[in-house]
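The values are calculated or read from the model by the stated rules, or taken from the named source; none is laboratory data. Fair warning: this is a prediction, and the values are worked out from it, not measured in the lab. In this analysis, Cβ positions are derived from the backbone assuming ideal geometry, glycine residues included, and neighbour counts consider all displayed protein chains. All accessible areas refer to the heavy atoms of the entire protein, side chains included, with ligands and DNA or RNA removed. Shrake-Rupley method; radii C 1.70, N 1.55, O 1.52, S 1.80 Å.
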Amino acid sequence: MNEQFVAFLRALKDSLRDLLPIFLVVGFFQLVVLRQSFPDPGELISGMLLVVLGLTLFVRGLELGLFPIGENMAYAFARKGSVGWLLAFAFALGFGTTVAEPALIAVAEEAAEVAARGGVIEDRREARDDYALGLRLTVALSVGFAILIGVFRIIKGWPVHWLIMGGYIGVVIMTAFAPEEIIGIAYDSGGVTTSTITVPLVTALGVGLAMSIEGRNPLVDGFGLIAFASLTPMIFVMVYGMVVGG
């Protein structure tokens, strides 16, 4: 049997195992606690099968495509020895992957709707679109900046926990000054940025860069980019809220 096909079947089994607890929890509360039958069992089963298949294809795509290309580009930039180009690539990677995040797009649109209903912005389509776009660009810029700083940290060998601690101090300070309406959005934006597109490429970049620099430990120095990238959007979005609110 083809090796790739065997690997796909193994990934399919792993996806089913990972999703099975979710299916069991939903089924238990629907049938036992609520004592209600599922409205359309056939459609529900087909949807679950599509979720399992989609997750399997997504994970295989990461293994075959995004992780290798991220690590290979990190090796190539390290061999090239150009710190400027490496930092430029890190910023562009963080910005590009974040602005395309489906979760961020959804949250930005929802935030614009709520802001319009709350009187923060005008209740017009153009105003809502501008607010959502501004929020997305702000978050994308913040993640690009975070990845740039994180890559520079790997090059210099700085401990990651100092950056994380400094980031949280910045979040606490900004929370005291930001408008109340933006704080919840800012905190949520830190989570939606680290999603399906951003995490694989950024993680591969960090690990690959740490492996290509002598004296760096991929486990200690290669990870941490995502943690730092989840902090900066909180600060940047609160600044965005202060500017828009002002």
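Determine if the stretch 222-230 includes at least one residue that is touching a Phe, Trp or Tyr at 6+ places or on another chain (Cβ under 7 Å) and under 16 Å from VAL107 (Cα atoms).
Keep residues of the stretch 222-230 that are touching a Phe, Trp or Tyr at 6+ places or on another chain (Cβ under 7 Å), which gives none.
Within the stretch 222-230, not a single residue is touching a Phe, Trp or Tyr at 6+ places or on another chain (Cβ under 7 Å) and under 16 Å from VAL107 (Cα atoms).
Quick check on this structure: which one of VAL114, VAL107 is β-branched (Val, Ile, Thr) and within 23 Å of ALA229 (Cβ to Cβ)?
Numbers: VAL114 fails: within 23 Å of ALA229 (Cβ to Cβ).
None of the others qualify; the one that does is VAL107.
Condition (residue is farther than 30 Å from ALA186 by Cα, touching a Phe, Trp or Tyr at 6+ places or on another chain (Cβ under 8 Å) and open to solvent by 50 Å² or more (accessible area, probe 1.4 Å)) applied to the stretch 7-30: is it met by at least one residue?
Within the stretch 7-30, not a single residue is farther than 30 Å from ALA186 by Cα, touching a Phe, Trp or Tyr at 6+ places or on another chain (Cβ under 8 Å) and open to solvent by 50 Å² or more (accessible area, probe 1.4 Å).
So, in the stretch 68-80, of the ones that are crowded, with 18+ Cβ neighbours inside 10 Å and within 19 Å of the chain's Cα centre (by Cα), which residue ends up farthest from MET211 (Cα to Cα)?
Going residue by residue through the stretch 68-80, those that are crowded, with 18+ Cβ neighbours inside 10 Å are 70-71, 73-74, 77-78.
Filter again for within 19 Å of the chain's Cα centre (by Cα), leaving 70-71.
Working: GLY70: 12, GLU71: 9 Å.
So, considering only residues that are crowded, with 18+ Cβ neighbours inside 10 Å and within 19 Å of the chain's Cα centre (by Cα), the one farthest from MET211 (Cα to Cα) is GLY70.
With respect to ALA186, is the statement that it is in contact with a helix residue (DSSP H, G or I) (Cβ under 8 Å, 6 or more places away or on another chain), more than 30 Å from ALA76 (Cα to Cα) and assigned to a helix (DSSP H, G or I) true? Step through it out loud before you land on a result.
Details: in contact with a helix residue (DSSP H, G or I) (Cβ under 8 Å, 6 or more places away or on another chain): yes; more than 30 Å from ALA76 (Cα to Cα): yes; assigned to a helix (DSSP H, G or I): yes.
Yes; evaluated as a whole, the condition is true for this residue.
Given the residues PHE23, PHE5, PHE29, which is the only one that is over 26 Å from LEU201 (Cβ atoms), modelled with pLDDT of 90 or more and not aliphatic (A, V, I, L, M)?
On the way: PHE23 fails: modelled with pLDDT of 90 or more; PHE5 fails: modelled with pLDDT of 90 or more.
Only one candidate qualifies: PHE29.
Among the residues of the stretch 45-62, write down those that are open to solvent by 60 Å² or more (accessible area, probe 1.4 Å) and without any contact (Cβ under 8 Å) to a residue 40 or more places away in the chain.
ILE45, LEU49, LEU50, VAL51, LEU57
Could you tell me which of the residues THR175, THR98 is β-branched (Val, Ile, Thr), under 23 Å from VAL239 (Cα atoms) and open to solvent by less than 30 Å² (accessible area, probe 1.4 Å)? Even if it seems obvious, please write down each step before you answer.
Values: THR175 fails: open to solvent by less than 30 Å² (accessible area, probe 1.4 Å).
Unique residue meeting the criteria: THR98.
Do any helices (runs of 4 or more DSSP H) entirely within the stretch 1-119 hold 1 or more residues that are over 30 Å from ALA132 (Cβ atoms) and aliphatic (A, V, I, L, M), and if so, which? Talk me through it step by step, then tell me what you get.
Working: elements: 3-28, 41-61, 67-80, 83-99, 102-117.
Fully inside the stretch 1-119 and qualifying: 3-28, 41-61, 67-80, 83-99.
Specify the residue that is nearest to ALA90 (Cα to Cα); the eligible residues are those in the stretch 203-221 that are open to solvent by less than 70 Å² (accessible area, probe 1.4 Å) and part of a loop (DSSP other than H, G, I, E, B). Working first, answer last.
We begin by selecting, within the stretch 203-221, every residue open to solvent by less than 70 Å² (accessible area, probe 1.4 Å); these are 203-210, 212-213, 216, 218, 221.
Within this subset, residues satisfying the condition of being part of a loop (DSSP other than H, G, I, E, B) are 213, 216.
Numbers: ILE213: 16, ARG216: 18 Å.
Checking each candidate, the answer is ILE213.
How many residues, within the stretch 68-122, are of a type in the set (Asp, Glu) and in contact (Cβ under 8 Å) with a residue 60 or more places away in the chain?
We begin by selecting, within the stretch 68-122, every residue of a type in the set (Asp, Glu); these are 71, 101, 109-110, 113, 122.
From what is left, the residues that are in contact (Cβ under 8 Å) with a residue 60 or more places away in the chain are 71, 101.
Counting residues in the stretch 68-122 that are of a type in the set (Asp, Glu) and in contact (Cβ under 8 Å) with a residue 60 or more places away in the chain gives 2.
Quick check on the stretch 123-163: of everything there that is part of a loop (DSSP other than H, G, I, E, B) and without any contact (Cβ under 8 Å) to a residue 12 or more places away in the chain, which residue is surrounded by the most Cβ atoms within 10 Å (Cβ to Cβ)? Can you show your working first?
To start, the set of residues in the stretch 123-163 that are part of a loop (DSSP other than H, G, I, E, B) comprises 123-124, 157-159.
Then keep just the ones that are without any contact (Cβ under 8 Å) to a residue 12 or more places away in the chain; that gives 123-124, 158-159.
Details: ASP123: 12, ARG124: 10, TRP158: 14, PRO159: 12.
So, considering only residues that are part of a loop (DSSP other than H, G, I, E, B) and without any contact (Cβ under 8 Å) to a residue 12 or more places away in the chain, the one surrounded by the most Cβ atoms within 10 Å (Cβ to Cβ) is TRP158.
For the stretch 224-246, name all the residues that are part of a loop (DSSP other than H, G, I, E, B) and over 14 Å from TRP158 (Cβ atoms). Can you show your working first?
If we filter the stretch 224-246 for residues that are part of a loop (DSSP other than H, G, I, E, B), which is where we start, we get 224, 230-231, 246.
Result: SER230, LEU231, GLY246.
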